[in-house]
Amino acid sequence: MTTDPPPEPTRGPTPGGPHRARIAFRRWRRTRPFWAGVWTGLGGFVIFFLPMAPLGKILQVGVGGIAGMAGGVLLMAMALLILLLPGQRHTAGVIAVIAGVASFPLSNLGGLFAGMFLSVLGGSMAFAWLPEKPARRRRLRRTAPSAPVGSGSV
């Protein structure tokens, strides 16, 4: 027999656990072109892994496979740049669009069109994204009383 007191029951989840993490992620996500980075990264993923498919499913073998892998890696790097450095979104967006369009002749028709479409979509979204401006407080202006109608001089 032990003399230790029984353990106290826990009171549900810790305060703020997953809910606080979700709110923090939402706040982080809204300060950058999140969906542009996701679409660009997904397009790069498709372009990167399509050349690694079985030989029967690959449309172009050889240099196209290497170009596809290089283009896919470049697109995934641009997706990380878009997500982590939103100030560089214009440069990363333009490079993503160029790499996505270049993947069409270089890599199995741009990842069978899906990778090309996703990378062009993500790059253009990154280029067009603007950070949200903080809400401005409206000041009530006190205007001078207007002159009565018809009392103006000619």
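The values are calculated or read from the model by the stated rules, or taken from the named source; none is laboratory data. Predicted, not measured: the structure shown is a model, and the values here were computed from it. Cβ atoms come from the backbone with ideal geometry, glycine included; neighbour counts cover every protein chain shown. Note: accessible area is taken over every heavy atom of the protein model, side chains too, but ligands, DNA and RNA are not part of it. Shrake-Rupley method; radii C 1.70, N 1.55, O 1.52, S 1.80 Å.
Below, the figures for the structure above:
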item	result
Which listed residue, of 112, 118, 85, is under 21 Å from residue 31 (Cα atoms) and of a type in the set (A, V, I, L, M, F, W, C)	85
Those residues of region 88-138 which are open to solvent by less than 60 Å² (accessible area, probe 1.4 Å), more than 15 Å from residue 41 (Cα to Cα) and within 13 Å of the chain's Cα centre (by Cα), in sequence order	129
Residue match in region 139-150 (condition: open to solvent by 90 Å² or more (accessible area, probe 1.4 Å) and at pLDDT 85 or above)	no
Residue check, residue 24 under 27 Å from the mean Cα position of the chain (by Cα), open to solvent by 30 Å² or more (accessible area, probe 1.4 Å) and modelled with pLDDT of 95 or more	no
Residue among 40, 10 that is at pLDDT below 70 and of a type in the set (S, T, N, Q)	10
Given (1) touching a residue at least 40 places away in the same chain (Cβ under 8 Å); (2) within 15 Å of residue 76 (Cα to Cα), number of the condition residue 109 does not satisfy	(2)
Pairs with Cβ under 6 Å, 6+ apart, first in region 86-103 and among the small types (Gly, Ala, Ser), second surrounded by fewer than 24 Cβ atoms within 10 Å (Cβ to Cβ) and in a helix (DSSP H, G or I)	92/81; 93/127; 99/74; 100/120
